[in-house]
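Please read the structure below before turning to the comments.
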Amino acid sequence: INWKKPGLFAAGVAFGTAGIKILTSDDAKKLYTNCTAAVLRAKSCVMKTATSVQENAGDILAEAKQINEDRAAEAEAEVVDDYCEVAEETEEAAETAANAAGTADVADKKVGISIYKFDDNFMTLYRQELQRYLTEDLGFKAENVVIQDGKGDQAEQTNQINNFITQKYDVLILNLVQASSAPEITDMCKEAGIPVVYINREPDEAEEQRWVDEKINATYVGCDARQSGTYQGEEILETETKGDINGDGKVSYIMIQGDPENVDAQYRTEFSVKALTDGGMEVEELLMQRGDWDQAKGQQITQDALTQFGEQVEVVFCNNDAMALGALQAIQAAGRTINKDIYLVGVDALTDAVQNIVDGNFTGTVFNDHFSQAQEAAAQAVNFLKGEEVEPVN
Ligand code: GAL
């Protein structure tokens, strides 16, 4: 299969800190044999994409002059089918993994989870998978898996964590509002003898080193955001004009950042541009602004930038898909056409984003694998419960 056909789709996955780049079917198979059953759950949403692509293909068939689009649509459907096939192959592997986790041991253990805020598309998928995997695959009791909404407020979240500690939870999985609070939170957990798995927002290296030096039961599970940034830049390099639509010798872009305190935002910003310059392109940053991972902010920032810079804007880099979906609304409202007079890339591979790639309304995204990350976080929590040694970063 040619993964580039339906648009550009690369994957960054949390298998250790090194990810796997998906550009060929072989790469895809390598990725999915490493994935677990949850990938199968993606199947239904991806299948929806396939169905709509096929329906479109049916309409197009009626008009012979559109035969080329028809071929493209069929190719897309094939890619999606292939994706599903590979996903199915992983089902068995996942069952084995879940059995190995030893369901009986954890039935009475309590897991406290706090998410930085519930109102975040990607973290919603992540938390749903955490809940599903812990209960359905690992055998935790539903009432023993409690997930709290940090509401974007560190003080509120610290309170929630204190409550988990008072109620003697056995292990915590935390997506901090501010990664810089990790030392304080880690000490609270350490004092109570409760192991902690941090997810998504990485504490700094000094803190991670401290866990090793002081033998603290804490770990971080996440993707390497450098990689997703690099893939975004490469996706632009793989377009016909390498991002230089107007041929003036430089790629003029706007950068919509997530929360700039978050390493994900910093690395994606830095490495997306670095991939362009490493690829020999000159770049011009027209604007960089924080959009806090938020769709409405992505829309507003793009709308303002298009008013200010007009056709100068050749590439809209968004640190995530939610902001890119907002950017797309502004781009369409301004009468611009994706992949013709402007490029747009995001990260996460939300279903809506993937659909937009298929429809030609997104240039690309990068798969931020919430399945693997959620499952890895749950697995490390179980390792702590079993008293096994856990690496500081996974
Ligand atoms: C990123 C993700 C964003 C947002 C953020 C929250 O990894 O791409 O969409 O969810 O985490 O910290």
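Computed values, structure above
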item	result
Any chance Leu276 is surrounded by fewer than 18 Cβ atoms within 10 Å (Cβ to Cβ), more than 12 Å from Ser228 (Cα to Cα) and touching a helix residue (DSSP H, G or I) at 6+ places or on another chain (Cβ under 6 Å)	no
Which numbered condition Leu286 fails, given (1) in contact with a Ser or Thr (Cβ under 7 Å, 6 or more places away or on another chain); (2) assigned to a helix (DSSP H, G or I); (3) over 18 Å from Cys223 (Cβ atoms)	(2)
Pairs, first over 11 Å from Met255 (Cβ atoms) in region 267-284, second open to solvent by 50 Å² or more (accessible area, probe 1.4 Å) and within 16 Å of the ligand (Cβ to nearest atom), C-beta under 8 Å, six or more apart	Tyr267/Arg226; Phe271/Arg226
Residues being more than 13 Å from the ligand (Cβ to nearest atom) and closer than 30 Å to Val171 by Cα - total across region 221-236	0
Some residue of region 109-123 being open to solvent by 50 Å² or more (accessible area, probe 1.4 Å), at pLDDT 95 or above, within 20 Å of Asn162 (Cβ to Cβ) and more than 16 Å from the ligand (Cβ to nearest atom)	yes
Ala330 vs. criteria open to solvent by less than 40 Å² (accessible area, probe 1.4 Å) and in contact (Cβ under 8 Å) with a residue 40 or more places away in the chain	no
Residue match in region 237-254 (condition: over 24 Å from Lys110 (Cβ atoms), charged (D, E, K, R), away from the ligand (no atom under 16 Å from the Cβ) and part of a strand (DSSP E or B))	yes
Gln373 among the polar types (S, T, N, Q), under 15 Å from Tyr126 (Cβ atoms) and within 16 Å of the ligand (Cβ to nearest atom)	yes
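The values are calculated or read from the model by the stated rules, or taken from the named source; none is laboratory data. In this text, all values refer to a predicted model and were calculated from it rather than measured experimentally. Note that each Cβ is placed from the backbone with ideal geometry, even for glycine, and that neighbours are counted across all protein chains shown. Heads up: the accessible areas ignore ligands, DNA and RNA and are worked out on the full protein's heavy atoms, side chains in. Shrake-Rupley method; radii C 1.70, N 1.55, O 1.52, S 1.80 Å.
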